[in-house]
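A.B. asks: Next up is a structure, given as structure tokens.
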Amino acid sequence: MRSLQDIHEEYDFLDGDERYRLLIELGRELDPMPAALKTDATLVRGCSAQVWVYPTGEADKLHFLADSNAAITKGIVALVISAVQDRPAQEVAGMDVMGALEPFDLKNQLSSNRTQGVPNMIALVQEHAARIAGG
């Protein structure tokens with residue numbers, strides 16, 4: 001997975017529809033998430049589309065699997081995951097993920113319908129991280 005900084009450099013260079021295409025591409029680059037992991041416990045609440053996030057790895061290096069039934073939303077969750085991927089659980093639990101995503105200006109780039117679930121995606125990622133960090 002690309003770093004958030006690399007993604008932003010490309011995103012910043014693009015406009016409108018090209019940014020949508022980049023998000024869709026990011027979603028396609030996610031590691032596959034087995035259907036068995038798409039449960040009520042991994043479902044992100046409050047999203048217009050279905051989104052699942054599942055942590056793997058150890059406390060010192062969390063790795064997340066994620067998926068969505070909508071292409072743009074899958075790209076948005078990929079963006080969220082790229083901010084936290086392969087970092088220590090303790091760091092992820094206390095990280096300002098929304099702040100890390102601010103340069104993408106998602107609220108002005110995408111419809112509110114598409115971005116309404118972003119805080120919930122971040123909250124679920126951080127809840128998983130806090131649980132794993134706590135032991």
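The values are calculated or read from the model by the stated rules, or taken from the named source; none is laboratory data. Computed from a predicted structure; not experimentally measured. With ideal geometry, Cβ positions are generated from the backbone for all residues, glycine too; neighbour counts draw on all protein chains shown. Each accessible area value is taken on the protein alone, full model and side chains, heavy atoms only, with ligands, DNA and RNA left out. Shrake-Rupley method; radii C 1.70, N 1.55, O 1.52, S 1.80 Å.
A.B. asks: Could you pull out the residue among GLY27, GLY57 that is open to solvent by less than 70 Å² (accessible area, probe 1.4 Å) and either in a loop (DSSP other than H, G, I, E, B) or more than 20 Å from GLU127 (Cα to Cα) (or both)?
C.D. replies: Being open to solvent by less than 70 Å² (accessible area, probe 1.4 Å) and either in a loop (DSSP other than H, G, I, E, B) or more than 20 Å from GLU127 (Cα to Cα) (or both) holds for just one of GLY27, GLY57, which is GLY27.
A.B. asks: Taking the stretch 22-34, which residues are in contact with an Asp or Glu (Cβ under 9 Å, 6 or more places away or on another chain) and farther than 16 Å from LEU4 by Cα?
C.D. replies: Scanning the stretch 22-34 gives PRO32, MET33.
A.B. asks: Another one. Quickly run through the stretch 19-41 and pick out the residues that are touching a residue at least 40 places away in the same chain (Cβ under 8 Å) and among the β-branched types (Val, Ile, Thr).
C.D. replies: ILE24
The rows are residues; the columns are (1) surrounded by 15 or more Cβ atoms within 10 Å (Cβ to Cβ); (2) in contact with a Ser or Thr (Cβ under 9 Å, 6 or more places away or on another chain); (3) not aromatic (Phe, Trp, Tyr).
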| residue | (1), (2), (3) |
| --- | --- |
| TYR11 | yes, no, no |
| TYR20 | yes, no, no |
| VAL44 | yes, yes, yes |
| TRP52 | yes, yes, no |
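A.B. asks: Is there any pair linking a residue in the stretch 88-113 that is without any contact (Cβ under 8 Å) to a residue 24 or more places away in the chain and acidic (Asp, Glu) to one that is surrounded by fewer than 14 Cβ atoms within 10 Å (Cβ to Cβ) and not in a helix (DSSP H, G or I), with Cβ under 7 Å and at least six apart or on different chains, and which?
C.D. replies: Final answer for the pair search is none.
A.B. asks: Then there's this: Here are some residues: ASN120, ASN108. Which one is under 11 Å from the mean Cα position of the chain (by Cα) and either among the aromatic types (Phe, Trp, Tyr) or outside any loop (DSSP other than H, G, I, E, B) (or both)?
C.D. replies: Just one listed residue meets the conditions, ASN120.
A.B. asks: Just one of ALA100, ALA66, ALA83 is assigned to a strand (DSSP E or B), buried (at least 17 other Cβ atoms within 10 Å of the Cβ) and not charged (D, E, K, R); which is it?
C.D. replies: Answer to the check: ALA66.
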